[in-house]
Amino acid sequence: MNTTLQFKTRRKNKKSTPIIYDNFWIRNGIFLFLSILFILPLLLTNSYFPQSDDGAHIPRMYEIAQGMKVGHFFPDVSAYTFRQNGNGIHFFYPNSFSFIYALFINLTGKIVTGLYFGHIILLFVTQIIAYYSAKIFTKNTLKSFVFAILWAFSLYNFGNFLNRGASPSSFAYAFFPLALLGIYELLLGDNKKWWLASIGLSLVLLNHLVTSFTLVIFGIVLFALSIYWKKFTKERLISSVLFAISTFLLTCSFLIPFAIQMTNVDILGADKRNMQSLAASIYRILNISLDNELSNPSFGFNFGIVLCIAYIIFGILLFTSEQVKSNTKLKKYFFLSLGFIILVSNLFPWIWFQNTPLSVIQFPDRFMLFTEIFILIFVIEFLFQFEFRNIPQFRTLFLLLFTIGSFLTVLNYKADNLTIVEGTKEFRKVRSQLPNEFSDKNIKEMAKRSNFGGNDYISEKQMTYTVNDTKNVRPSTNVFEQGIISASTSGLDEKVTYIDGEKSQIMLYNQDYTFMVNNLPNGDHTVRLPMTWYKGFEATDNNGTKLVLQKDDDGYVVVNTKGQPQIKVQYIKSAAEKMGICISILSWIITIATVGFMYFRNKTELVKDDAI
């Protein structure tokens, strides 16, 4: 009798659930609509937001797009971008989501249009991943729906898009909730869901190494807590081993070439920064968020005016209202978010980690993703646990207010920060090597000569510095604080060869992914090419006979001509690299098929809509 009554009650509650977030097609239709709406300001003003990091990441997408046209589907060295001399940025910077942008660049035939469509797909995927991650965690459809929208359209994410051009950070941002949920389940929750951690962390790693590094640090902390709280059982150990193996199999297409080049090339690496000076005070973090302006130089600490006000008010109510004063769950989320606010602020002693592996993150605001997600969890949980007697529809009003506020920020982005896609109107010159006229033609020209970002992955001896004390050294902290007057990579920029140590007039050129020099003088000569040496380069003459190719002391490619007038250099993937690609593809096929099977077999766990 009781069972029948409960069943009828569930069916009644099911029918009363609002269709706006309960229906699969309507919910995802809303996600897609919002994703398109985000791009409208760009389409309506025929403009784009080119910022500093676009100088590195748009060429990477363009390189992949061009590679697809000639059957080079798995990028290694660069032939169309980054000086067109075989730069190896793709060995060190994962490309996963960039393939989608590259695909749209080819389908539309236009770079900027391809970027528009890529942004739409990225925001759509971000909402879907956030929704299902929250659904697994909360078992609540409405909470998950709210979280998905607030996460995708946060001011922090907008800042990465529009004020920095850091597309890989946004790619990783899309999969961050899944990775975080999986790591929690693996180490403190239901360890049988270890596969969530494997899929989530793999997707983050295949898009942005630094974000995956912050997740590893978080996982180490949870691992320590798991041992301290005596939760790390034999079963959890087995799950951890399965997680590690699975993650490697899913990512070995990137990890294998990355490891090969890291162990053979002394790369320059990204600038080390003075992290303590780059951290902001808590007052400044709150002030930046309340300012709600994407053009603020410290946008990385911006989580938006609506969320900031909600966090402050709800935080005060948490300790003053009788309704929630004793709610330990809300306090846990509040103090977690507050802890991460302190972590990204100058209250945390970042100076202690300046010369440690942690310095690879460069900026303390890399941990803002954790701050953002725990603030969102706290605010959403508060919305659902605090009874707003006088405003019964406050939850819906809050969601609309946040979304409208986010879009208004985009619409009001100052016009002098825009660069026209097509047209003649002049706008301020943007940083880096981006063209002032952001047309497809100019982007292609910029991509060919760009060294922004690519210089991080050349040999450290190929960069020469002019510093105040005249020492030619690589600074250990922020280059701008070490008396740097200028930096030069002329040995690569000029694209000329050196024959027997003497500069010649013979230039390097390329046909797709074959790099060549012609009209070499008769006799045996040692030719230094304007190329950084990476393990895997091989040289042949015009007849296909293999020539001796080596690395000189400065990291350049050196070839002995054996009396031949032409040298051809190509990058040849090793057997390990080819195996890594095959293993990763097969692993992803098996993973997707397995998750799909689980999805349809056990909907009650993944997509069953609980009564609200």
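For this structure, a couple of remarks:
- Residues being modelled with pLDDT under 90, surrounded by 15 or more Cβ atoms within 10 Å (Cβ to Cβ) and part of a helix (DSSP H, G or I) - total across the stretch 11-33: 2
- Among the criteria (1) crowded, with 20+ Cβ neighbours inside 10 Å; (2) modelled with pLDDT under 90; (3) of a type outside the set (G, A, S); (4) more than 18 Å from Y21 (Cβ to Cβ), the one L44 does not fulfil is (1).
- Residue match in the stretch 66-79 (condition: in contact (Cβ under 8 Å) with a residue 60 or more places away in the chain, crowded, with 23+ Cβ neighbours inside 10 Å and in a helix (DSSP H, G or I)): no
- A single member of I380, I375, I443 is under 24 Å from I64 (Cα atoms), open to solvent by less than 50 Å² (accessible area, probe 1.4 Å), modelled with pLDDT of 80 or more and part of a helix (DSSP H, G or I), and it is I443.
- Criterion: open to solvent by 60 Å² or more (accessible area, probe 1.4 Å), touching a residue at least 12 places away in the same chain (Cβ under 8 Å) and among the basic types (K, R) - qualifying residue of K573, K535: K535
- Of all the listed residues (L330, L318, L347), the sole one being farther than 24 Å from N157 by Cβ, open to solvent by 10 Å² or more (accessible area, probe 1.4 Å) and touching a residue at least 40 places away in the same chain (Cβ under 8 Å) is L347.
- Segments classed as helices (runs of 4 or more DSSP H), wholly inside the stretch 166-228, with at least 3 members that are in contact with a strand residue (DSSP E or B) (Cβ under 9 Å, 6 or more places away or on another chain), of a type in the set (S, T, N, Q) and open to solvent by less than 30 Å² (accessible area, probe 1.4 Å): none
- Options G269, G300, G219, G304; residue that is without any contact (Cβ under 8 Å) to a residue 60 or more places away in the chain and under 22 Å from the mean Cα position of the chain (by Cα): G219
- Scanning the stretch 446-461 for residues that are open to solvent by 30 Å² or more (accessible area, probe 1.4 Å) and either in the same structural domain as I58 (by the TED database) or among the polar types (S, T, N, Q) (or both) yields a single hit, N451.
- 3 or more residues aliphatic (A, V, I, L, M) and in the same structural domain as S52 (by the TED database): qualifying helices (runs of 4 or more DSSP H) within the stretch 242-345: 282-291, 305-320, 328-344
- Criterion: at pLDDT 80 or above and either within 20 Å of F378 (Cβ to Cβ) or open to solvent by less than 40 Å² (accessible area, probe 1.4 Å) (or both) - qualifying residue of L294, L336, L268: L336
- Qualifying positions in the stretch 353-372 - open to solvent by 30 Å² or more (accessible area, probe 1.4 Å) and within 13 Å of N274 (Cβ to Cβ): F353, N355, F363
- Yes/no for K429 being out of contact with any His (no Cβ under 7 Å at 6 or more places or on another chain) and at pLDDT below 60: yes
- Number of the exception - T126 against (1) open to solvent by less than 10 Å² (accessible area, probe 1.4 Å); (2) outside any helix (DSSP H, G or I): (2)
- Residue in the stretch 248-263 that is open to solvent by 50 Å² or more (accessible area, probe 1.4 Å), of a type outside the set (A, V, I, L, M, F, W, C) and modelled with pLDDT under 90 present: no
- Between G114, G86, the distinction of being touching a Ser or Thr at 6+ places or on another chain (Cβ under 6 Å), in contact (Cβ under 8 Å) with a residue 24 or more places away in the chain and not aliphatic (A, V, I, L, M) belongs to G114 only.
- Test: Q550 is within 21 Å of F92 (Cβ to Cβ), open to solvent by 30 Å² or more (accessible area, probe 1.4 Å) and in a strand (DSSP E or B): no
- Given (1) among the small types (G, A, S); (2) over 23 Å from K461 (Cα atoms); (3) surrounded by 13 or more Cβ atoms within 10 Å (Cβ to Cβ), index of the condition G596 fails: (3)
- Selection status of I100, open to solvent by 40 Å² or more (accessible area, probe 1.4 Å) and assigned to a helix (DSSP H, G or I): yes
- Being touching a strand residue (DSSP E or B) at 6+ places or on another chain (Cβ under 8 Å) and surrounded by 22 or more Cβ atoms within 10 Å (Cβ to Cβ) is not true of L150.
The values are calculated or read from the model by the stated rules, or taken from the named source; none is laboratory data. Nothing here was measured: the structure is a model prediction, and the numbers come from that model. All Cβ positions, glycine included, derive from the backbone under ideal geometry; neighbour counts span all protein chains shown. Quick note on the areas: whole protein, heavy atoms, side chains included, nothing else; ligands and nucleic acids left out. Shrake-Rupley method; radii C 1.70, N 1.55, O 1.52, S 1.80 Å.
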